[in-house]
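Before any comments, here is the structure.
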Amino acid sequence: MKVLKFGGTSVGTPERIVDIGKLLLDRHQAGEQMTVVTSAFGGVTDALIKCSDLAASGDKNYLQIAEQIESRHHNTIRSLGLSGDEVVGEITRNFVNFKNLLHGVFLVREASARTMDFLLSFGERNAAPILAAYLSTLGLPARYLDARQIIKTNKEFGRAKVNFSTTEKLIQDRFRGGENFIEIVTGFIATDIGGLTTTLGRGGSDYTAAIIAGALRAEVLEIWTDVDGVLTSNPKIVENAYTIPELSYDEAMELSHFGAKVIYPPTIQPALAESIPIYIKNTFNPSFMGTLISDRIPRGGKGNITGVTGISDITLLTLAGSGLMGIPGSSARLFSALGRAKINIVMITQASSEHSICIAVRSGDTPQAVEVLSEEFQKEMEARLVKPIKTEPGLSLIAVIGEKMKSVPGVSGSLFKALGNNGINVAAIAQGSSELNISVAIKRKDEVKALNLVHDAFFLSESKGLNLFLVGVGLIGGTLLEQIKDQYDTLREDKNLDIHVIGIANSKKMYFHSDGIDLSRWREDLEKSGVPSSFDGYV
C-alpha cells in the first residue's frame with residue numbers, strides 16, 4: 001500500500017485534478033495499491049476563515065464570500081463533467097449546512113474553536129468527494145472516505161491530539177478485506193470520541209496521510225506539493241538553492257522547525273515510528289525524483305551539510321545575575337513560566353558559569369515573555385540578585401543542518417568565517433551535542449545576505465564569489481568591463497573566481513543589479529534603467 005497526499009495547489013483547479021487523474025490511472029494500471037489524502041482546494045481554507053471572521057463581526061459580506069466558494073466547487077464539478085453525478089447533491093447539502101452554521105455565527109457574533117473546526121471541515125469535505133467522483137469516471141475504483149470516521153482525537157479544538165490506539169484499529173478495520181478500492185480521504189479533519197468535529201492543526205492533511213500510512217504499515221508515503229522537494233535553502237532568498245535528493249528523518253525535523261514549509265513536524269512521527277520512507281514530490285513536475293526522507297543517513301555537501309535555513313523576526317531574552325549561579329531549578333522555573341504562558345522557545349543557550357540564560361522567542365511573544373519572567377523572578381530582581389530581563393529585538397536565526405556534521409571538523413569554522421569575513425556579527429550561538437544543527441542569531445537586516453553567504457560557503461565552495469562595484473565607466477572603466485566579460489569563463493574555470501559586477505556609475509547615472517549586471521549590454525542598461533548619480537546614493 002502506498003499513501004499519497006495532494007496539497008491545496010495540487011487540487012486547486014479542474015486542470016490540476018485532471019493531471020492527478022492521469023497520474024493515479026497510470027499507477028493503478030501498473031498494479032499499485034493506493035490510498036489518497038486530499039486537502040481543500042487551494043485558498044479555500046483561508047476563505048472559510050474570512051467568512052467566519054466577517055460573520056462573527058456582524059458583516060453580512062460573509063454571504064458573498066460563501067457564495068463564491070460554493071460557485072467555485074460547482075464550476076469545478078461542471079468542468080470535470082460531473083453535473084449528473086450524485087456528488088452534486090452532496091456538495092449542495094454541504095453548503096446548505098455551511099451557510100446555516102455561518103448564519104448562527106452571525107447571530108451570536110462569535111465563532112468558538114469548536115465551531116471553527118466544524119466550519120473549516122467543509123473545505124476537505126467538499127474537495128474529496130469531487131476528486132473521488134472524477135476518478136470514478138476514469139474507471140478507477142475510487143470511493144470517498146470522511147476521515148472523521150477513522151481518526152479519533154481529544155477535544156483540543158484547533159490542534160487536536162490523536163488517540164492512536166483507537167485510530168489505528170479503526171483504520172485497519174476499514175482497510176481489512178483486501179478490496180481494491182482507492183480510498184479518497186479528507187485530510188486535516190477528525191472527530192473526538194463523542195463525534196464532534198476536530199482539526200489536526202497546521203499541516204494537518206500531511207499528518208492525516210502519515211497516520212494512515214503508519215496504521216497500514218505502508219510501503220511509502222508520498223506528499224505531493226508545488227515544489228521539487230526539500231531545497232537546500234529558501235529559493236525566494238537563495239537563488240542557488242537546489243533540491244536535496246535524500247534526508248534523514250532527523251534532518252527533516254530540523255529543517256521543518258526552521259521553516260521548510262513543505263514538511264510539517266508531526267507528519268514525520270508516525271512514519272518514523274514505522275520506518276516508512278517519505279517522498280516529497282511536485283505535482284507540476286511529476287517526473288522529477290523529489291526528496292526522499294528515510295532512516296538512512298545520506299551524504300551531504302561540503303562537510304556533509306544538508307541545508308541552510310532561517311527564522312525571521314526573533315527576539316533574544318537574557319536572564320542574568322549572580323542569583324542564578326549554582327542555584328538548582330533556575331532554568332526549570334524559566335521554562336515552566338514560559339510553558340504556562342504557552343510561549344515557544346526557539347533557541348536556548350547558557351554559559352557554563354550559569355551567570356546567564358539566553359533564549360530566543362518569536363518577536364510577537366516578547367511582551368508576554370518579559371512579563372511572565374519578571375513575575376517569576378520578581379523577588380530575585382527586588383533583591384538585585386537577578387537583573388531585569390534584557391531584550392534584543394530585530395534578529396533572525398540562521399541554522400546549518402546536517403546529520404554527519406559531527407564526523408567532519410571545521411563546519412563551525414566555515415560558518416563563522418563566512419559571516420565574519422562579511423561583517424556580520426553573531427549575537428548568540430547554540431549547538432546540541434548531536435551536532436545536527438548549529439544555530440546563530442544575527443541582525444534581521446543581515447538575514448538575506450547571511451543565508452546566501454553561508455549557502456555559497458557550503459554548497460558552491462569550488463569558486464569564490466567577488467562582487468564588484470565600479471565608479472567611472474568611461475574609456476578605462478569600460479575597457480575593464482569588457483575584459484571582465486571576455487575573461488569571465490577563464491577566471492571561473494582556471495582561477496575559481498566568480499566575478500559579478502553589481503553596481504556601475506558615471507558622473508550622470510548609476511545602475512545596480514543584485515544578481516550581476518549583464519556585461520554584454522551594460523551601456524544600454526545604464527542609460528535606460530540608471531538613476532541619477534550621487535555619492536551617498538551609491539554608497
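The values are calculated or read from the model by the stated rules, or taken from the named source; none is laboratory data. These figures come from a predicted structure and were not determined experimentally. So basically every Cβ, Gly included, is an ideal-geometry build from the backbone, and we count neighbours across all protein chains shown. What goes into the accessible areas is simple: the full protein's heavy atoms, side chains included, and nothing from ligands, DNA or RNA. Shrake-Rupley method; radii C 1.70, N 1.55, O 1.52, S 1.80 Å.
Summary of computed values
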| quantity | calculated |
| --- | --- |
| Residue check, residue 456 outside any strand (DSSP E or B), surrounded by 14 or more Cβ atoms within 10 Å (Cβ to Cβ) and among the acidic types (Asp, Glu) | yes |
| The range 511-537: number of residues that are open to solvent by less than 60 Å² (accessible area, probe 1.4 Å), under 14 Å from residue 481 (Cβ atoms), without any contact (Cβ under 8 Å) to a residue 40 or more places away in the chain and not in a loop (DSSP other than H, G, I, E, B) | 2 |
| Flag for residue 205 being within 25 Å of residue 9 (Cα to Cα) and in contact with a Pro (Cβ under 8 Å, 6 or more places away or on another chain) | no |
| Matching entry among 50, 22 (being open to solvent by 50 Å² or more (accessible area, probe 1.4 Å), at pLDDT 95 or above, under 24 Å from the mean Cα position of the chain (by Cα) and not small (Gly, Ala, Ser)) | 50 |
| Selection count, the range 304-331, where residues are in contact with a Pro (Cβ under 9 Å, 6 or more places away or on another chain), part of a strand (DSSP E or B) and either modelled with pLDDT under 85 or aliphatic (A, V, I, L, M) (or both) | 2 |
| Candidate set from the range 178-231 (those that are open to solvent by less than 10 Å² (accessible area, probe 1.4 Å), in contact with a helix residue (DSSP H, G or I) (Cβ under 6 Å, 6 or more places away or on another chain) and assigned to a loop (DSSP other than H, G, I, E, B)); member that is nearest to residue 264 (Cα to Cα) | 200 |
| Unmet requirement for residue 253, which otherwise passes all of (1) touching a residue at least 40 places away in the same chain (Cβ under 8 Å); (2) open to solvent by 30 Å² or more (accessible area, probe 1.4 Å); (3) in contact with a Pro (Cβ under 9 Å, 6 or more places away or on another chain) | (1) |
| Hits in the range 140-190 - residues which are at pLDDT 95 or above, basic (Lys, Arg) and more than 26 Å from residue 119 (Cα to Cα) | 169 |
| Answer residue from the range 81-100, given it is among the charged types (D, E, K, R) and open to solvent by 60 Å² or more (accessible area, probe 1.4 Å) and is modelled with the highest pLDDT among those | 93 |
| Matching residues in the range 237-248 - criterion: being open to solvent by 50 Å² or more (accessible area, probe 1.4 Å) and modelled with pLDDT of 85 or more | 242, 245, 246 |
| Residues of the range 33-57 that turn out to be of a type in the set (D, E, K, R) and free of Cβ contacts under 8 Å to residues at least 12 places away in the same chain, as a count | 1 |
| Scope the range 460-499; condition among the acidic types (Asp, Glu), open to solvent by 60 Å² or more (accessible area, probe 1.4 Å) and at pLDDT below 90; matching residues | 462, 489, 493, 494 |
| Selection within the range 102-111 - open to solvent by 40 Å² or more (accessible area, probe 1.4 Å) and without any contact (Cβ under 8 Å) to a residue 40 or more places away in the chain | 107, 108 |
| Flag for residue 7 being more than 19 Å from residue 136 (Cβ to Cβ) and either modelled with pLDDT of 95 or more or under 22 Å from the mean Cα position of the chain (by Cα) (or both) | yes |
| Among (1) over 28 Å from residue 418 (Cα atoms); (2) at pLDDT below 90, the one test that residue 292 misses | (2) |
| Matching residues in the range 328-354 - criterion: being open to solvent by 70 Å² or more (accessible area, probe 1.4 Å) and either closer than 19 Å to residue 428 by Cα or free of Cβ contacts under 8 Å to residues at least 24 places away in the same chain (or both) | 328, 335, 342, 344, 348, 350, 352, 354 |
| Residues of the range 123-171 classified as open to solvent by 60 Å² or more (accessible area, probe 1.4 Å) and in a helix (DSSP H, G or I), total | 5 |
| Single residue of the range 451-480 satisfying the filter (touching a helix residue (DSSP H, G or I) at 6+ places or on another chain (Cβ under 6 Å) and of a type in the set (A, V, I, L, M, F, W, C)) that is farthest from residue 236 (Cα to Cα) | 470 |
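Each row is one residue, and each column tells you yes or no for (1) without any contact (Cβ under 8 Å) to a residue 60 or more places away in the chain; (2) of a type in the set (Val, Ile, Thr); (3) in a helix (DSSP H, G or I).
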site	(1), (2), (3)
361	yes, yes, no
380	yes, no, yes
388	yes, no, no
393	no, no, no
397	no, no, no
417	yes, no, yes
425	yes, no, no
445	yes, no, yes
